[in-house]
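Enquirer: Following this message is one structure expressed as structure tokens.
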Amino acid sequence: MSNKTWRLSRYLFKDQLFYLGWSYLTIILVETLLPFGASLLSGTASTFSWRSHLSGLGIGAIFAFFVFIFSLQTYEGFKLFIQNGISRRTYLRARLGNLGLMSLLGVVLAVINDFAISAPLLRVDVFGLLARGPYEMYAKFFGNNVFATVLIYMLFLWIFYLTVGLFGIAVSSLLDLTTKTVRRVIYIVVPILGIFLLGFVASNGNTSQASMGFVNFAKFLLGYRETLGLFNPFMPMLTMVVCSLIFGAIAYTFHLKLKIKN
């Protein structure tokens, strides 16, 4: 990474770090102080549980949403930096470098929240905490090995955040090349098609052989090991890596075609 790219990555990192801090502060206030205030007004403060509110903040999930939203902000940064002599390739490399740094930070924040705050408040161990979230199916893959479980969980989160960010960059790079009318049509049509697809799969889930094939393929991607009755976390991690490479290629292709709009 060149000095120019590194400086730009640090600039983006500091800028997003500012908004991330305010986002987390706002969410913590909304999730804790507002419910406590409501309980005071209603006279139920004695039954208010700080433990349940602080243990369920969902810092990791919030970070994924944050990364996706900021990854969609392609044109604004492009317009600013291209007018200041930053090339398209340098801007993209800086965004990818920043995504890597932000994703690592997200992993650290999620792990601290999970194992240093939520687990003690809920009075559960590592496996008990992981069994409460989306990672539940992979929590016992390494048996009772806490080190391996936490390490792979962190790697899983990092790859997930990278995939989400690259998906956002790819989508925004593509949409920024279209007109406002085309973008509005896409925003309307894609959700409708998604709803129809989900409805079709649900209505044929018990009768269609193709649907059973889809279910088996989904199990394969999720890493289901029938012989062990467990889910292997390395399979979805590999799937996310492949998706990240595809999203990265899309982002690179369309980033080089971005232009200043009148």
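Enquirer: How do 158, 6 rank by accessible surface area computed with a 1.4 Å probe, from largest to smallest? Provide the component values of the computation, followed by the final result.
Expert: Values: 158 80, 6 110 Å².
Largest accessible area first, the residues go 6, 158.
Enquirer: Spin-label point model (7 Å from Cα, Cβ direction): what's the residue 83 to residue 33 distance in nm?
Expert: 3.6 nm
Enquirer: Which whole-number value in Å² is the accessible area per residue of the range 21-163, probe 1.4 Å? Please list the in-between numbers first.
Expert: Details: 7450 Å² over 143 residues.
Computed with neighbouring chains in place, this is 52 Å² per residue.
Enquirer: How much accessible surface area, in Å² rounded to 10, belongs to the heavy atoms of residue 219 with a 1.4 Å probe?
Expert: 90 Å²
Enquirer: Now, a different point. 7 Å from Cα along Cα→Cβ at both residue 41 and residue 146: what's the point-to-point distance in nm?
Expert: Once both label points are built, they end up 4.3 nm from each other.
Enquirer: How large is the convex hull of the C-alpha atoms of the range 51-130 per residue, in Å³? Mind showing how you got there, number by number?
Expert: Values: hull volume 7.3 nm³, N = 80.
It is 91 Å³ per residue.
Enquirer: Please find the FRET efficiency linking residue 76 to residue 105, where r is the Cβ-Cβ separation and R0 is fixed at 22 Å, and quote it to the nearest 0.05. Working shown, then result.
Expert: On the way: r = 22 Å, r/R0 = 0.99.
Computed FRET efficiency for residue 76 and residue 105: 0.50.
Enquirer: Among the listed pairs 4/259; 140/219; 14/261, give every one whose C-alpha distance is greater than 19 Å. The partial results should precede the final answer.
Expert: Numbers: 4/259 21 Å; 140/219 17 Å; 14/261 27 Å.
4/259; 14/261, as the Cα separations exceed 19 Å there.
Enquirer: Based on the Cβ-Cβ distance of residue 216 and residue 175, what FRET efficiency does E = 1/(1 + (r/R0)^6) give at R0 = 45 Å, to the nearest 0.05?
Expert: 0.85
Enquirer: I would also like to ask the following. Which value does Rg/Rh take for the range 74-115 over its C-alpha atoms, Rh per Kirkwood?
Expert: Values: Rg = 14.3 Å, Rh = 11.7 Å.
On the Cα set of the range 74-115, Rg over Rh gives 1.22.
The values are calculated or read from the model by the stated rules, or taken from the named source; none is laboratory data. Quick caveat, the model's predicted, so the values are computed rather than measured. All Cβ positions, even for glycine, are placed from backbone atoms using ideal geometry, and neighbour counts span all protein chains on display. For accessibility, only protein heavy atoms count, side chains too; no ligands or nucleic acids. Shrake-Rupley method; radii C 1.70, N 1.55, O 1.52, S 1.80 Å.
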